[in-house]
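Let me begin by presenting the structure, written as structure tokens, before commenting on it.
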Amino acid sequence: MLKRLEWNKKTASAFAAAAALIIVLVVALNPREITIAENTMLDPVEWDFQRPSQSIIINNTLKSTYSHGGLQATFHVWLTHYIEGVSDQLDHMIVALCIDATANNANGFVESVQVVVHKDQESKVDWLETSFKLENLSLTARAYGYSRSTQAYIKLTGVNHATSVHAKATSEWSLLTPNTQSHQLEIAYEITYYNGTAYNRVVQPFKLDIVGRGET
């Protein structure tokens, strides 16, 4: 009887440990949902560019700043180079994305940052992984924009309820058409932050238009 009782205790302990592990896995795979008290959509920053017939240095910077509701943020899109394809290679543009954000209210912190890129199906978006630079953020998911898809993204999560974060990534936007055709790229930065009393979200869109040669 004593051995049976001891076995039952061990079995109960094993079941309790297994149940605890299941709970931990469920929480890890299904993080808590956050209720957003206020969503703010900022005006888009737009840029258009005549598609060149040769490789050139663009060196143009698009910038937007935001300061309200316990958040200060700066958004950058750097357009560095347009590289003409040689032989069967594709024309492509190097686009660097950067964000700095600070939750400046007492007990405030940055919960997450996302960068979502919408594109047409005649172009591709590749992330140059060696270019990633993150401060107080961890990379939780990313998707590449292949020719049959319409978007690419980077999802970042704040580390240890940090009040300030920084992220920089470089992408390669490849065009699958002759230079007489136009393309459009829409980039949306999304910051979710806690202002000390509630979670808010701010979205800053950018819109890039490459106009085909001969088009107006």
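What residue, among those in region 155-175 that are without any contact (Cβ under 8 Å) to a residue 60 or more places away in the chain and out of contact with any Phe, Trp or Tyr (no Cβ under 7 Å at 6 or more places or on another chain), is surrounded by the most Cβ atoms within 10 Å (Cβ to Cβ)?
Pass one, region 155-175, residues without any contact (Cβ under 8 Å) to a residue 60 or more places away in the chain: 155-162.
Within this subset, residues satisfying the condition of being out of contact with any Phe, Trp or Tyr (no Cβ under 7 Å at 6 or more places or on another chain) are 155-157, 159-160.
Working: Lys155: 17, Leu156: 24, Thr157: 17, Val159: 14, Asn160: 6.
Filtering region 155-175 for residues that are without any contact (Cβ under 8 Å) to a residue 60 or more places away in the chain and out of contact with any Phe, Trp or Tyr (no Cβ under 7 Å at 6 or more places or on another chain), the one surrounded by the most Cβ atoms within 10 Å (Cβ to Cβ) comes out as Leu156.
Would you be able to tell me the number of residues in region 110-147 that are under 13 Å from the mean Cα position of the chain (by Cα), of a type in the set (Gly, Ala, Ser) and either crowded, with 16+ Cβ neighbours inside 10 Å or not assigned by TED's automatic domain parsing to the domain that holds Ile191 (or both)?
Matching residues across region 110-147 total 2.
Suppose the filter is touching a Phe, Trp or Tyr at 6+ places or on another chain (Cβ under 6 Å) and of a type in the set (Val, Ile, Thr); does Ile191 pass it?
Details: touching a Phe, Trp or Tyr at 6+ places or on another chain (Cβ under 6 Å): no; of a type in the set (Val, Ile, Thr): yes.
No.
For Thr74, are the conditions met, namely being over 14 Å from Thr170 (Cβ atoms), out of contact with any His (no Cβ under 9 Å at 6 or more places or on another chain), in the same structural domain as Ser164 (by TED's automatic domain parsing) and in a strand (DSSP E or B)?
Against the criterion (over 14 Å from Thr170 (Cβ atoms), out of contact with any His (no Cβ under 9 Å at 6 or more places or on another chain), in the same structural domain as Ser164 (by TED's automatic domain parsing) and in a strand (DSSP E or B)), Thr74 qualifies.
Go through region 18-73 residue by residue and tally those that are basic (Lys, Arg) and modelled with pLDDT of 95 or more.
In the first step, residues of region 18-73 are kept if they are basic (Lys, Arg); the result is 32, 51, 63.
Going one step further and asking which of them are modelled with pLDDT of 95 or more, we end up with 63.
The total comes to 1.
Spot the failing condition for Arg201; the list is (1) in contact with a Leu (Cβ under 8 Å, 6 or more places away or on another chain); (2) surrounded by 17 or more Cβ atoms within 10 Å (Cβ to Cβ); (3) among the basic types (Lys, Arg), and only one is missed.
The one condition Arg201 does not meet is (1).
The values are calculated or read from the model by the stated rules, or taken from the named source; none is laboratory data. Here the structure is a predicted model, which means the values were calculated and not measured. Note: ideal-geometry Cβ built from the backbone for every residue, glycine included; neighbour counts use all protein chains shown.
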